[in-house]
Structures are given as C-alpha cells and as structure tokens.
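K.L.:
If you scroll down you'll find the structure; I have some questions about it.
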Amino acid sequence: MKRIFAPFSAIRPSLTPLALLAALPLTFVGAPTAEACGGTFCDNGPMSMPVDQTGENILFIIDEDSVEAHIQIQYDPEADADKFAWVIPMQVIPEFSVGSEALFQNMLTGTVPVYGFNTFSEPCGGDGDGDGGDTGDGDGDGGDGDGDGDGDPMVVFKDVVGAYEIAVLQGGDVAGVMTWLGDNGYQQDPAAEPILDEYLQAGYMFVALKLAMNVEVSEIHPIVLKYLGDEPCVPLKLTRIAAVEDMSVRVFFLSDARAVPSNYRHVLVNPLKIDWLSLGSNYKEVVSLAVDAFAAEGNAFVTEYAGGSGVVSKSGLVEPNWSAAPFAMMENTPAAVGDELELQGLMSCSNNQMTIECAMHPLVEGLMAQYLPVPNGVDPGDFYSCMLCYAGLIDQGAWDAAAFSAALDQRVIQPGIHAEQLLDTWPYLTRMYTTISPNEMTVDPIFHTNTELADVDNTRMGTRELLCAGGAVFTLPDGREVYMPSPNVWPDVGGDEMPWEEDVELGVMVGPNQNLSDRTELINELLAAWNQTNGWPPGGDGDGDGDGDGDSDTDSDGDGDGDGDGDGDGGTSNDGTGDAGINGEGSSCACSTNTDSQQDLGGGLALLGLLGIGASLRRRD
C-alpha cells in the first residue's frame, strides 16, 4: 500500500529561494531628518484562481509609541539550512518573538485585488437574460563581551527565538564585523562591506540571525520585532545588491486609520490599462509602469485595500483545543504524539483507497521532522498514521518531550493567540503594493497614518454589454464606457499616448493626498476619441466618459466603494461584495491577480536579502 505524506493545507508558506538567503534587513533611525531609515462565463458556478502569495510581505502594527513588525521570511525548501543567514542594521534592540504564518495567508486571502465583470446582452427583439460575468482576484541573555580587538564588534545580546539564534553586534569596524560573521557561520558577500560600513559610521548595531542547530528550512516561520518608534520604514537601499528587476514589495498596516507613504508617492493606476477580460492578468505590469511614471519616478506605492480588519479571517490562527501541555508528559511515550496531534486537529490522516495521506500544520510538520523523524525505509504517511506500529523504530535520541512541547507552544499556539489579539485590537487594515528595481532603491520609504483618507475596496467590478450590431461596450467601475470592436479582446485605447497612471499623489499627515500629476483629462480625451472613431455611442458625441471623474480606480482615494457615478447604458456593475475565494470556493466568480512569479536569486550574505524594514522616530512636540 502506498502512503503519501501531505502538507496541512493548500496554503503553504510562500517559497522564494533564499539566495542571500531571503534576508529582510531592518533599520531603526532616531534622527528625525535622516535621509535613510536604514474572459469565460460563470455557467458552472464560482471560479477562482489561487490567492496571490508572491512577493515580499511585511505587517506593521502602529501604536502610539511603538511599532511591531511581522516579517514573512520566504525560503527555498531545498536550500541548505547551514547557509541561511540574516543581518539587520538597527539602532535599538527590539523585543523578538515568533509570528504567525496563518495570519499572513489570511491577510493575503482577505485583501487580494479582485478584477471582474458581469456580462449582459443588449435586447435584440427577444428575451435577453444577463449571463453571469467573470471576476478576477486577483527572554534574551546579555552579551558575552566578545570583541576585545580594536575592530571586533561586541556581542551585546544573545537569544534563541523559535527556530532562530539571535546575536546583536555593536561597534567595531566593517572588517571586524565581516570576520565575526564568517567565523560564526554566516554567508558573506563582499559587496555588503560598503553598506555595512555606512551603517557602522552612523552608529548602528547589527542583529544577526541564523537557524538554530538541528533546525531545517522547513521550520522557518515569521519573526516579530517590536521597538519604540512611530514611523514604519522599509530600508530598500540595503536591498539593491540582491534585488531583481521589478521586485514585488507588499506592506500591511494594522492601526486606527489608513496608512500612506510619507516620502514615496502614492499612485492610482489607469483602469483602461487593465486587461479586464483576462481578469487583470497584466496587473503587475500596469503597476510597474504606473509607479515609473512622471512624478512617481519609480518610488511609489498603490493602495490595494484600506478598510476594516474584519476582512481577515481568524480561521486557522489558533483553535481552543490546541495545547502543548499533553506533549510534555510523553517523554517515555513518544508513539502517542501522533494520536494527540490528531485529537487536537493539528494532524489528520485518512485512507484514500490504496493510499494513506497525513496532513499537518506546516510548522508541526517541521517539528515532527526534528523531534520524531521518519525511520529509514518507512514511508512518512505510514509512520505518522500509526506511530504505535513503529514504536520500536522511533529515534529516542531525537525525542525530547519538553522541548517539543515548548516549541509547539512558542511557534504555533502563542503566535496564533497573538494574531487573534491583533485583529481584535486594531480595527483598520491597509495593504499597499509596489514593484521596484535595484537602480530605484535610492530612498527608504517611510509611512504614516491619516484619519481623513477614504477606504479603498479591493473588489473592482465592471459590466460588459454585448451589442446586437456586434462588438460590446464595457462600463468601468467609475462609469466610463469603453467600446470594444471584439467583445472578447480588451482594446488598446489611445495606444502609446495613453498613460499607465491616472494620478500621482503625495501623502500628507492631515487632509486629502496632494495631487502632483493628474492624467484624467488626457485619459478621457483619448477614450472619447476612441469611442467616437468606433461610432459609440450611436448618434452621440462620443465623449464616452460617463459621469465618473476617473478617480475611482484600482487604489482609489475616492469614496472607496469602487462603483463610480457613471450612468452609462451598458448595464449595472456588480456590487463588488463577492468573496475572492480560494481553490474554487467563494460566493462569486473570482480569481486573484498574480502580481509576481517566484524568482531565483543568487548571493551570499543575508544582509542583502529580499527586503528590509525599519522604523524612523519622529520628534514629538
């Protein structure tokens, strides 16, 4: 009988090769003036595509006097654990804890951008029911005092947090820091030296993380850092050596109000550039070109969602019957672990005809591999479905009941409890996205909240009306109408003259964002000319711009409902309340925008990994 060992669910941690290795350097700045802060019909019911889980994801919790940063560390499951390394420049020693992978997955699922449309047929002398449309969704020890040499750093803090060993280095010179990293098993990249030196000269310390002994990359989990400050910051300058072209960066914020960039621009993309008929499949391209537009200059974000945090499901974060205590009592009975995991719902094994399939919580899977590895010659599904059957083959040397219990509590249960508390405490969630290339990583973006900004819906629904004379007319969510000579091909309205962006704005502390570049008039002129050339509307003047002002868009700062004010004849658009869905589930035809693909990165020292975050402290009056 063939046994299959399967993952806990279809939602797995996002996987990106570590290369440098998937480091997310953080920086903390105290100086307030610092320049660097470190188309088919839904005849068969709802359709969906997998929720977008690519790119680098960070969650900030913004409190009055502190910032809590949750970092989703992405990894290659085939990577060598010995080569995982991560260096974080900072000016304060934060509190470290384990984060919840399920929280990231639920945030991604609940806020994924959705592009879709309903399709109706123009009455042509018979009954014409509307067809369903498509939618797109898109406690630490003190330092040991090492570093007596003139250029050697001092180790001022040591701890083990979850799967990571942590050391904080202070002082010394760049040669000493590089030597310490090499001597302590961190991969190095000579290109890091000038950047390390820049931070040393500014008085920064370095947090160095690596996987603890006997820990594999399958046990990697999000890490949480909490520190004094009030302005989250992503120090992209540190990322440019290891970054790829148009690298996706996604930031989430839990707070009392909507978050916006402070020193980066905020962009609204031109909805006419979105391929609505392919459900926004070109979304990343549109965003990439929009943030490269005039006045944005490659340093800008779009808002994908801003509104109540209730859109984030609490499912899978933690369950009432999860408890680490029973496992601490199993020092002499490790074969009972499987039954207890099944009892708590952390593992489930089922017999499917000729196969046995066991599914585990992703982090439990890693713990089992460490403390109760599968015996040689035994199939994983066979072993975990009946551990009592193989009690004599269990590796007693690897089993440590107290350590397993503590790790389960620290890595799975407590992070889930904290994630639920965060969603209960903070009523507002913002999701922003950008793509950025190494040559654009010259400024570190910082963010702030603004209580006067409107919500942004992540669901954008249009309407396609099939015309009796042929062709179709598509009504955008803001009411503007687009004539389509072919009802199944999104037209290239305006050609190269049509801008990718609609608005470029500057975020301010109070009041609406300041407009730096407004392309709405040009967009409407090009759209009107297109419609008029194609004889739309019949007998009309072909202005084609409805009543919408063009500002209700992909990441609108308008009223946030995404419906626009248009009263075009092309039918009414869906109210946009359908769930994004995953793996075919959901209450509307929906699929997600896939804004990136997995990238292979090469490199050495994890300092220059895929992303960095940090905080800038703002002087209080």
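The values are calculated or read from the model by the stated rules, or taken from the named source; none is laboratory data. Note that the coordinates shown come from a computational prediction; the quantities given were computed from them, not determined experimentally. Methodologically, a virtual Cβ is constructed for each residue, glycine included, from the backbone with ideal geometry; neighbour enumeration extends over all protein chains shown.
K.L.:
Taking the stretch 446-461 as the region of interest, how many residues are at pLDDT 95 or above, over 17 Å from Leu59 (Cβ atoms) and either β-branched (Val, Ile, Thr) or not in a loop (DSSP other than H, G, I, E, B) (or both)?
P.N.:
Final tally of qualifying residues: 3.
K.L.:
Mind checking which pairs have a first residue in the stretch 305-333 that is over 23 Å from Gly110 (Cα atoms) and a second that is among the aromatic types (Phe, Trp, Tyr) and part of a helix (DSSP H, G or I), Cβ under 9 Å, 6 or more apart or different chains?
P.N.:
Ala324/Phe404; Phe327/Phe404; Ala328/Phe404; Met330/Phe404
K.L.:
Filter the stretch 274-289 down to the residues that are in a loop (DSSP other than H, G, I, E, B) and of a type in the set (Gly, Ala, Ser) and list them by number.
P.N.:
Of everything in the stretch 274-289, those that are in a loop (DSSP other than H, G, I, E, B) and of a type in the set (Gly, Ala, Ser) turn out to be Gly280, Ser281.
K.L.:
Same structure again: Could you tell me whether any residue of the stretch 410-423 is of a type outside the set (Asp, Glu), farther than 22 Å from Gln344 by Cα and under 24 Å from the mean Cα position of the chain (by Cα)?
P.N.:
Yes; the residues of the stretch 410-423 include at least one that is of a type outside the set (Asp, Glu), farther than 22 Å from Gln344 by Cα and under 24 Å from the mean Cα position of the chain (by Cα).
K.L.:
Another question about this same structure. So for the stretch 296-310 (the condition being in contact with a Pro (Cβ under 6 Å, 6 or more places away or on another chain), farther than 20 Å from Phe383 by Cβ and outside any helix (DSSP H, G or I)), does at least one residue qualify?
P.N.:
yes
Residue by residue, here is whether (1) touching a Gly at 6+ places or on another chain (Cβ under 6 Å); (2) on the phi > 0 side of the Ramachandran plot holds:
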site	(1), (2)
Met347	no, no
Gln353	no, yes
Val364	no, no
Gln370	no, no
Met387	yes, no
Tyr428	no, no
Val443	no, no
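K.L.:
Just wondering, is there one or more residues in the stretch 178-189 that are at pLDDT below 80, out of contact with any Asp or Glu (no Cβ under 7 Å at 6 or more places or on another chain), over 30 Å from Ala407 (Cβ atoms) and in a loop (DSSP other than H, G, I, E, B)?
P.N.:
Yes, there is a match, as at least one residue in the stretch 178-189 is at pLDDT below 80, out of contact with any Asp or Glu (no Cβ under 7 Å at 6 or more places or on another chain), over 30 Å from Ala407 (Cβ atoms) and in a loop (DSSP other than H, G, I, E, B).
K.L.:
What strands (runs of 3 or more DSSP E) completely inside the stretch 470-537 contain at least 2 residues that are more than 21 Å from Val287 (Cα to Cα)?
P.N.:
Strands (runs of 3 or more DSSP E) meeting the threshold: 472-475, 481-484.
K.L.:
Then there's this: Is at least one residue of the stretch 282-289 over 30 Å from Ala472 (Cα atoms) and in contact with an Asp or Glu (Cβ under 8 Å, 6 or more places away or on another chain)?
P.N.:
no
K.L.:
Only one residue in Glu95, Glu101, Glu122 is surrounded by fewer than 16 Cβ atoms within 10 Å (Cβ to Cβ), at negative phi and at pLDDT 90 or above, so which one is that?
P.N.:
Glu95
K.L.:
Okay, moving on. So is Phe301 at pLDDT 90 or above, touching a helix residue (DSSP H, G or I) at 6+ places or on another chain (Cβ under 8 Å) and buried (at least 18 other Cβ atoms within 10 Å of the Cβ) or not?
P.N.:
Yes; evaluated as a whole, the condition is true for this residue.
K.L.:
Which one of these is in a helix (DSSP H, G or I) and of a type in the set (Val, Ile, Thr): Val443, Val412?
P.N.:
Val412
K.L.:
Condition first: in a loop (DSSP other than H, G, I, E, B) and at pLDDT 95 or above. Now tell me which residues in the stretch 231-269 satisfy that.
P.N.:
Asp256, Ala257, Ser262, Asn263, Tyr264
K.L.:
Quick one: would you say Ser262 is of a type in the set (Gly, Ala, Ser) and more than 16 Å from Ala69 (Cα to Cα)?
P.N.:
yes
K.L.:
Just the residues that are of a type outside the set (A, V, I, L, M), over 26 Å from Ile73 (Cα atoms) and either in contact with a Leu (Cβ under 9 Å, 6 or more places away or on another chain) or buried (at least 20 other Cβ atoms within 10 Å of the Cβ) (or both), please, taken from the stretch 354-376.
P.N.:
Hits for the stretch 354-376 are Pro375, Asn376.
K.L.:
To continue, here is another question. Val207: touching a Phe, Trp or Tyr at 6+ places or on another chain (Cβ under 9 Å), part of a strand (DSSP E or B) and closer than 30 Å to Leu408 by Cβ, yes or no?
P.N.:
For Val207, the condition - touching a Phe, Trp or Tyr at 6+ places or on another chain (Cβ under 9 Å), part of a strand (DSSP E or B) and closer than 30 Å to Leu408 by Cβ - is met.
K.L.:
Give the residue that is surrounded by the most Cβ atoms within 10 Å (Cβ to Cβ), with candidates limited to residues of the stretch 161-210 that are in contact with a strand residue (DSSP E or B) (Cβ under 7 Å, 6 or more places away or on another chain) and polar (S, T, N, Q).
P.N.:
For the stretch 161-210, the residue satisfying everything is Gln187.
K.L.:
Now, a different point. Mind checking whether some residue in the stretch 452-466 is surrounded by 21 or more Cβ atoms within 10 Å (Cβ to Cβ), touching an Asp or Glu at 6+ places or on another chain (Cβ under 8 Å) and among the acidic types (Asp, Glu)?
P.N.:
yes
K.L.:
Among (1) under 30 Å from Val224 (Cβ atoms); (2) surrounded by fewer than 23 Cβ atoms within 10 Å (Cβ to Cβ), where does Glu285 come up short?
P.N.:
The number of the failed condition is (1).
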